[in-house]
Amino acid sequence: MNCSVEKVTTESNLNKCLEIREKVFIIEKNVPREIENDEFDRICETCEHFLVFDGEKPVGTVRMRFLDESTVKLQRFCFLKEFRGLGLGSKTIEYIESRYKSLGKNKIVIEAKYDVSQFYEKCGYKRVSDIFLEVGVEHINMEKEI
C-alpha cells in the first residue's frame, strides 16, 4: 500500500470524492441521495474534502467541517470496498489529526455509525452519547482532543 491523503482543491478531485461516496453510501449502503448529498459538497470555507490514494488510485474520502474556532467534525469517511481493512483508515485519521492540530484546532467530533465505533475507539476517540438512529442506522457521538 502506498497511501497518501490530499486536500481537494479542484472540482475534478471533488467529483472523485463524490463518486467514491456514491459507490459506498448510496449504492452499497442504500443511503438516500438526498440525505447523503448536502450543501457542504462543494469547495468552500466551511469545510474541507480529502481524497485518499493508493498509489495513483483514489480509494477513499473524508470531509471535515469547521464547527467553531477549536472544533472540526469528521464526516463522510469511507473507502471503496476492496480497500477496507488495509490500515488506510487509521493512516487517514493520523493525517487529519496532525493537519488540524497544526491549524490550531483541538477537538475532532464524529457522528459514527455504531457498527464502526470500535475503529474510532482504537484511534483514541471516546463515546460521548447514547446510541441514536439516523436514517434508520444506529450512530453514536464520539470525540477526541488533539
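Give me the pairs: first residue in region 85-111 and farther than 13 Å from LEU74 by Cα and among the aliphatic types (A, V, I, L, M), second residue loosely packed, with under 13 Cβ neighbours inside 10 Å and modelled with pLDDT under 95, beta-carbon distance under 7 Å, and six or more apart or on different chains, which are they?
LEU86/MET1; LEU88/MET1
Of everything in region 1-52, what is in a helix (DSSP H, G or I), over 16 Å from the mean Cα position of the chain (by Cα) and under 22 Å from LYS81 (Cβ atoms)? Give them in sequence order. Lay out the reasoning, then the answer.
Of region 1-52, the ones in a helix (DSSP H, G or I) are 11-28, 33-36.
The next check asks that each one be over 16 Å from the mean Cα position of the chain (by Cα); those that pass are 11-12, 27-28, 33-34.
ILE27, GLU28, ARG33 - these are the residues of region 1-52 that are in a helix (DSSP H, G or I), over 16 Å from the mean Cα position of the chain (by Cα) and under 22 Å from LYS81 (Cβ atoms).
Please verify whether region 41-54 includes one or more residues that are surrounded by fewer than 18 Cβ atoms within 10 Å (Cβ to Cβ), polar (S, T, N, Q) and in contact with a strand residue (DSSP E or B) (Cβ under 7 Å, 6 or more places away or on another chain).
yes
Just to verify a result, which residue in region 1-35, among those that are under 12 Å from VAL52 (Cα atoms), aliphatic (A, V, I, L, M) and in contact (Cβ under 8 Å) with a residue 60 or more places away in the chain, is surrounded by the fewest Cβ atoms within 10 Å (Cβ to Cβ)?
My answer is MET1.
Can you tell me which residue is surrounded by the fewest Cβ atoms within 10 Å (Cβ to Cβ) among those in region 123-137 that are of a type outside the set (Phe, Trp, Tyr) and at pLDDT 95 or above? Working first, answer last.
Quick first cut of region 123-137, residues of a type outside the set (Phe, Trp, Tyr) only: 123-124, 126-131, 133-137.
Filter once more, keeping what is at pLDDT 95 or above: 123-124, 126-131.
On the way: CYS123: 18, GLY124: 13, LYS126: 11, ARG127: 15, VAL128: 12, SER129: 11, ASP130: 7, ILE131: 11.
In this case the residue turns out to be ASP130.
Restricting region 70-109 to residues that are of a type in the set (A, V, I, L, M, F, W, C) and more than 16 Å from ASP54 (Cα to Cα), which is surrounded by the fewest Cβ atoms within 10 Å (Cβ to Cβ)? Walk me through how you get there before you give the answer.
Residues of region 70-109 that are of a type in the set (A, V, I, L, M, F, W, C), as a first pass: 72, 74, 77-80, 83, 86, 88, 93, 96, 103, 108-109.
Okay, now just the ones that are also more than 16 Å from ASP54 (Cα to Cα), so 72, 74, 96, 103, 108-109.
Numbers: VAL72: 23, LEU74: 24, ILE96: 21, LEU103: 10, ILE108: 25, VAL109: 18.
Taking the candidates together, the pick is LEU103.
The values are calculated or read from the model by the stated rules, or taken from the named source; none is laboratory data. Model, not experiment: these values are computed from the prediction. When we count neighbours, we look across all protein chains shown, and the Cβ atoms used for this are built from the backbone with ideal geometry, even at glycine.
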